[in-house]
1. Which one of these is among the small types (G, A, S), in contact (Cβ under 8 Å) with a residue 12 or more places away in the chain and open to solvent by 30 Å² or more (accessible area, probe 1.4 Å): S160, S181, S195?
2. Quick one: which strands (runs of 3 or more DSSP E) lie wholly within region 301-382 and hold at least 3 residues that are of a type outside the set (K, R), open to solvent by less than 30 Å² (accessible area, probe 1.4 Å) and at pLDDT 95 or above?
3. If you scan region 247-262, which residues turn out to be open to solvent by 80 Å² or more (accessible area, probe 1.4 Å) and either aromatic (F, W, Y) or modelled with pLDDT of 95 or more (or both)?
4. Taking K319, is it within 28 Å of R80 (Cβ to Cβ) and in contact with a Phe, Trp or Tyr (Cβ under 9 Å, 6 or more places away or on another chain)?
5. Restrict the check to region 385-401 and report whether at least one residue is more than 25 Å from the chain's Cα centre (by Cα), part of a strand (DSSP E or B) and under 20 Å from G129 (Cβ atoms).
6. Quick one: how many residues across region 91-105 are closer than 12 Å to N135 by Cβ and in a helix (DSSP H, G or I)?
7. Evaluate the following for Q75: is it in contact with a helix residue (DSSP H, G or I) (Cβ under 8 Å, 6 or more places away or on another chain) and either aliphatic (A, V, I, L, M) or open to solvent by 10 Å² or more (accessible area, probe 1.4 Å) (or both)?
8. Return the residue satisfying two criteria in turn: it lies in region 79-124 and is of a type in the set (A, V, I, L, M, F, W, C) and open to solvent by less than 10 Å² (accessible area, probe 1.4 Å), and of such residues it is farthest from L276 (Cα to Cα).
Amino acid sequence: EADELTMVYRKIAMAVALELATPINEFDTKIPVDPVARYKHYAEAYKNGELDPAFPHFSVWELRHVINSDAKNDQLAWGRKMMMNYAPYITTLTDATERYTYMLKTDVLMRNPTWTGSPRTYQQVLSGGGKDKPNAWFGRFICKAFGIPTWGCSQPKKESLIRWTPTGWIPLMGATWEECSFDGMSGIDFQAESSARACHTAEEYYKKAVLLDCLADMTDAKRGQDAESEKNAIHPMKLWRSLSTIQKAVLLEGVNAEAFERSGEGGVKTKIEKYLEIFETGEDDTEIKDEGEKITIPAAAIGFNSGQKVVIASMDGGKQLNFLADACVEYELPDEVEPRPYTLTLDVCTVHLKQAPLFLKVNDDQEVEIKIPYTVGEWKTTEGVEVHLEGGGDILRFKRERPCFGMAIRRIVLK
């Protein structure tokens, strides 16, 4: 009997075989997604615990709406690593509609887009932002990167997405079931199909709905030939189509929110589950360590503070300080610190090419400008700036002013 991992691998393989039988081109290119590489990517990501805890519990049909991402596999991997570095708390938000996609509100944002190369990449989408289309693209990308099914949708003058949640598929970004459509399928039809499939096994849905659809296609007309308004209409001259419509309505009678829940033992412990444990332990990370030659200041050891910032658990342990926009924070050093010149650096993580500087003021000295690099979602160290500590409780004040995007700080080091 196959073990749990093997069963998940089989579902991924089946989803890839069915969904990529019709080629999908990689984002902004004419290069088709490689089905074998796509299977290996998601199988490896699942095995390594990189995906959402719900991933192994999705059906093959639901997984088809995961593996059909147009992103390159290395960009999918980057998306997961970037979020776990830069803003891991977004992966655990209690509002499932905001999980992963909250980054649209904090970092992608509705603004004029900035493209820096061709072909475009999802790193550029996050950094450069855009109107509804780039936001919808990134929302679909980041959900699928973590193994969450999405359905791309558009409606008059609006591009959007619909995503799975534990209580049902939910339209985001102002989309409505009644107005949206995608690849020739109306939102109402997708809502009905996703709901019916959620509360019936694949075999039940096949016998009760798919076979009738096939008969209707053969005897009435090929799917898509009828006018949109007639597709779900009951007609005395279209027996099988009418029976198919009635049967789908019957299948929807048992639908409830619980039918969409996907949970249980997943075969592997995910990084998101590990992060939740780090978050819930509430490990204190405020001790400033003076080792003589080096002083290490945890980002969470703030005193006075103001503006838009938050202290969160860091994936690698300890805590990090996220500047969401403009903010000011202070650190008070121990009295015993040796008075002398130091070189100050910060471990930072950023996701925007255009970075506002961070200003540092030590006691009553003049402000020093610290250039913040674009780290593309990695943790990197800033260039050093020279400061002079007097001892006896020096105060370091860091300030960032508008306009500015987000930035994460893990630690400050003085040598």
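The values are calculated or read from the model by the stated rules, or taken from the named source; none is laboratory data. Predicted model only: the values in this text are computed from it and were never measured. All Cβ positions, glycine included, derive from the backbone under ideal geometry; neighbour counts span all protein chains shown. The accessibility values were calculated without ligands, DNA or RNA, using every heavy atom of the protein model including side chains. Shrake-Rupley method; radii C 1.70, N 1.55, O 1.52, S 1.80 Å.
1. Values: S160 fails: open to solvent by 30 Å² or more (accessible area, probe 1.4 Å); S195 fails: open to solvent by 30 Å² or more (accessible area, probe 1.4 Å).
Exactly one residue qualifies, and that residue is S181.
2. Counting at least 3 such residues, we get 319-332, 340-349, 358-362.
3. Matches in region 247-262: E261 only.
4. So K319 fails the test.
5. Yes, that holds for at least one residue.
6. The number of residues fulfilling the criteria is 3.
7. On the way: in contact with a helix residue (DSSP H, G or I) (Cβ under 8 Å, 6 or more places away or on another chain): yes; either aliphatic (A, V, I, L, M) or open to solvent by 10 Å² or more (accessible area, probe 1.4 Å) (or both): yes.
Judged against the criteria, Q75 is a match.
8. Residues of region 79-124 of a type in the set (A, V, I, L, M, F, W, C): 82-84, 87, 90, 93, 96, 103-104, 108-110, 115.
Next, only the ones that are open to solvent by less than 10 Å² (accessible area, probe 1.4 Å) stay: 82-83, 87, 90, 103, 108.
On the way: M82: 17, M83: 14, A87: 13, I90: 11, M103: 19, V108: 25 Å.
The extreme case among them is V108.
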